[in-house]
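To keep things clear, I will list the structure first and then write my remarks on it.
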Amino acid sequence: MNPWIFVGLFLVVGLIIPVGAIGVAWILSPKKPNPIKQTTYECGIETVGDSWVQFKAQYYIFALVFLIFDVETVFLFPWAVKLGALGLFAVVEGIIFILILVAGLVYTWRKGMLEWA
Amino acid sequence: MSFWNDPLKVAADWLMGIFTGWGMPELLAQILIGFLGVFILIALLMVVDILLVWVERKVVARFQDRIGPNRLGPFGLIQPFADIIKLLIKEDITPAGADKVVYNIAPMLSMMSVLILWAVVPLAPTMLGVDLNIGVLYIIAAGAIGTLSIIMGGWSSNNKFALIGAFRQVAVMVSFEIPMLATLLIPTILAGSMGTAAIVEGQSIWYVLLSPLGALIFLVAAIAELGRSPFDMAEGESELVSGYNIEYSGMKFGMFYAGELLHAFTFGGFLAIMFFGGYRFFGLEKVSPFLAIAVLLFKAFIGYWIIMWVKYTLMRIRIDHMLGFNWKFLTPLAFALIIVTGLMNALLADFRTPETMWIYVLGMFLSNLLLGWGALEIARSYSRRERARVEAPKPVVETAHH
């Protein structure tokens, strides 16, 4: 049998359990909403303005660097699996590949993009 | 083959006989048996999860010089069940401006992302949900669903605290995913496979001996991925009250909470599987699969204990320090470690015979130690320079006379 069927079963059962728990709570719990209860919680004071405001996107650069390294590491996994069979030459090739991407990290670093400010 | 040697296969064959006896097609019977097995595994996990609530509360109490829950049942063991009843009958409040669909899906995804991780956990030599040949990548992919649930919960709550908490947590999670992925490459290199079963089978010598630095980096990255102190930016109580789950109440909050505990336990298990031999313990796993499960759970509990120990000992780190630590120290170190591991593994390949194995192990161990020491020295000299810069007397501003 295809092993991915099992993964699908895990997905389904993994959803059924929390849905069941929340469903039972939904049946048992009292439902008495009122406008005061449903206000946004903010330590006792009224919220000023919309909550979906734009925050400074320091995350943008981090997300970009993350994407590059994430994809890189995924490329490295097949290399890692066959490393034992391929020998020293493949190791050196892999090292060159890593160093090229580390150069990218160094460039980002020198440009001051890794500062959280 | 008796029940005690291979319980899963015996039970599956027995059920298969019953189902096909009813005239059910074989594929459907297989899927049904798989469904039952998965359901039992996940139900048992939920029981473990309930016990974890008790363990966590008892341990944090001990760390803080308190007694912890001790009224309900012996040692307060019934306490988590009382907690569940309370969570079930709490009113579920949805804030007025919330995005209802996303708001309700987030806690379910949070729990699911943890539960599906157990698909690739090898419990015993013959007990494994799925032997995926890309098991390591599956772990990372399932973890990404957890990240998604946090940003969903934080964004949909229509609360500024929740949104800031979610932003921070996601920044930390995506950052620390890089060293984690990189250290997961090390068992892959050593075992020559991405499958978790093959990684455990390959550990006749625990990988922590071949790569102690890798195990350490994995632990640090795992704690950050879990969003636990000292990396609990999302929940920074003193500034964000509770972070991304601030508006959740009742069972929905319970799902986030239980998911977090089970996540920590699961990563204790992965630490054991990747670096501490999984279910292997001096041949004990060959005696009985039940003993193997006990060994794995014991090791997972030790990993969980270490994660708790770190959580209740260290203070929260500022977010800029945390991201700086990751990108400027941990990530370069992890990649240097891959290079060193790959090189040493290839150079010492001839020594991987039973007689000269000790040379191989010693070489790997010492190269790791050397790299760790070098990295620490670089970090130390950097912090000395920084301290000298910060503590240097401010130059007196000369004015007027010139």
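Membrane-span-like helices of chain B, defined as complete DSSP H segments with a Cα extent of 20 Å or more along the helix axis and a mean Kyte hydropathy of at least 0.0, are identified as B:7-21, B:26-63, B:100-115, B:135-156, B:160-191, B:212-226, B:250-275, B:289-313, B:331-347, B:357-391. Counted without the sites themselves, the longest stretch of chain B free of chymotrypsin sites (Phe, Trp or Tyr not before Pro) in a DSSP loop having at most 12 other beta carbon atoms within 10 Å is B:23-281.
Short-range pairs are left out: with C-alpha atoms under 8 Å and at least six residues apart, the relative contact order of chain B is 18 percent.
Suppose a student asked you for the relative contact order of the stretch B:168-311, using Cα pairs under 8 Å spaced at least 6 residues apart; what percent would you report?
Working: 158 pairs, mean separation 36.9, N = 144.
Computed value for the stretch B:168-311: 26 percent relative contact order.
Just counting partner chain Cβ atoms within 10 Å, what average do the residues of peptide A:74-87 show around their Cβ?
Details: counts 3, 0, 8, 10, 3, 5, 16, 12, 3, 10, 9, 1, 1, 2.
The shielding value for this peptide is 6.
With springs only between Cα atoms under 10 Å, which of B:147, B:353, B:331 fluctuates most in a Gaussian network model of chain B? Of B:147, B:353, B:331, the most mobile in the Gaussian network model is B:353. Which one, B:98, B:334, B:182, has the greatest fluctuation when you compute a Gaussian network model over chain B with C-alpha springs under 10 angstrom? Highest fluctuation of the listed residues: B:98. For the peptide B:100-110, the mean number of other protein chain Cβ atoms found within 10 angstrom of a residue's Cβ is 2.
A straight line joining the Cα centroids of the stretch B:281-327 and the stretch B:373-387 runs 28 Å.
Checking the a/c ratio against 1.5 first, then a/b against b/c, what shape does the Cα gyration tensor give for chain A?
Values: a/c = 5.99, a/b = 1.49, b/c = 4.04.
Oblate shape, in that a/c is at least 1.5 and b/c is the bigger or equal ratio.
Within the straight-line cut-off of under 27 Å between alpha carbons, the lysines reachable from residue B:58 are B:86, B:90, B:252, B:299, B:311, sequence neighbours fewer than 8 places apart in one chain being disregarded.
Scanning chain B for GluC sites (Glu not before Pro) in DSSP loops with at most 12 neighbouring Cβ atoms within 10 Å leaves B:1-354 as the longest stretch between them.
Compute the Cα gyration tensor for the stretch B:51-134, then decide on rounded, prolate or oblate, letting a ≥ b ≥ c be the square roots of its eigenvalues: rounded whenever a/c is under 1.5, prolate when a/b is larger than b/c in the other cases, and oblate in all that remain.
Working: a/c = 2.50, a/b = 1.10, b/c = 2.27.
Judged from the Cα gyration tensor, the stretch B:51-134 comes out oblate (a/c at least 1.5, b/c at or above a/b).
Annotation: Cα Rg of the stretch B:243-402 relative to the compact-globule expectation 2.2 N^0.38 Å equals 1.57.
Net charge near residue B:80, counting Lys/Arg +1 and Asp/Glu -1 over other residues with Cβ under 12 Å of its Cβ? If you can, show how the numbers build up before the last one.
Working: positive: B:57, B:58, B:86; negative: B:49, B:56, B:83.
Here the charged neighbours net out to 0.
Each of residue A:86 and residue B:353 was given a label point 7 Å from its Cα along the Cα-to-Cβ line. The distance between the two points is 2.7 nm. Across B:119, B:258, B:12, mean-square fluctuation computed from a Gaussian network of chain B (C-alpha pairs under 10 Å connected) peaks at B:12. Once C-alpha pairs closer than 8 Å and six or more residues apart are averaged by separation and normalised to the residue number of the stretch B:1-94, the relative contact order reads 14 percent.
Starting from the Cα gyration tensor of the protein assembly as shown, multiply each eigenvalue by 5, take the square root, and state the resulting semi-axes largest first in whole Å. Show your work: numbers first, answer last.
Details: eigenvalues 279, 259, 88 Å².
Taking √(5λ) for each Cα gyration eigenvalue gives 37, 36, 21 Å.
Computed over Cα pairs, the Kirkwood radius of the stretch B:342-382 leads via Stokes-Einstein (1.306 mPa s, 10 °C) to a diffusion coefficient of 141 µm² per second.
When Lys and Arg each count +1 and Asp and Glu each count -1, what net charge do the other residues less than 12 Å away from residue B:272, Cβ to Cβ, add up to? Could you put the intermediate results ahead of the total?
Working: positive: B:280, B:299; negative: none.
Neighbour charge sum, excluding residue B:272 itself: +2.
Summing charges over neighbours of residue B:182, with a neighbour being any other residue whose Cβ is under 12 Å away from its Cβ, gives -3 when K and R count +1 and D and E count -1. Using only alpha carbons, the stretch B:91-245 has a radius of gyration to Kirkwood radius ratio (Rg to Rh) of 1.05. Can you give the longest stretch of chain B with no exposed loop site, where a site means trypsin sites (Lys or Arg not before Pro) in a DSSP loop (not H, G, I, E or B) with at most 15 other C-beta atoms within 10 Å? In chain B, the maximal stretch lacking such sites is B:72-317. Pairs of Cα atoms in the stretch B:196-269 fall into 10 Å distance bins, from 0 up to the last occupied one, in shares of 16, 37, 26, 15, 6 percent. Averaged over the residues of B:86-93, the number of partner chain Cβ atoms lying within 10 Å of the residue Cβ comes to 5.
Just so you know, all these numbers are worked out from the coordinates, no wet-lab data involved. Bear in mind that the values here come from a model prediction, so they are computed numbers and not experimental data. All Cβ positions, glycine included, derive from the backbone under ideal geometry; neighbour counts span all protein chains shown.
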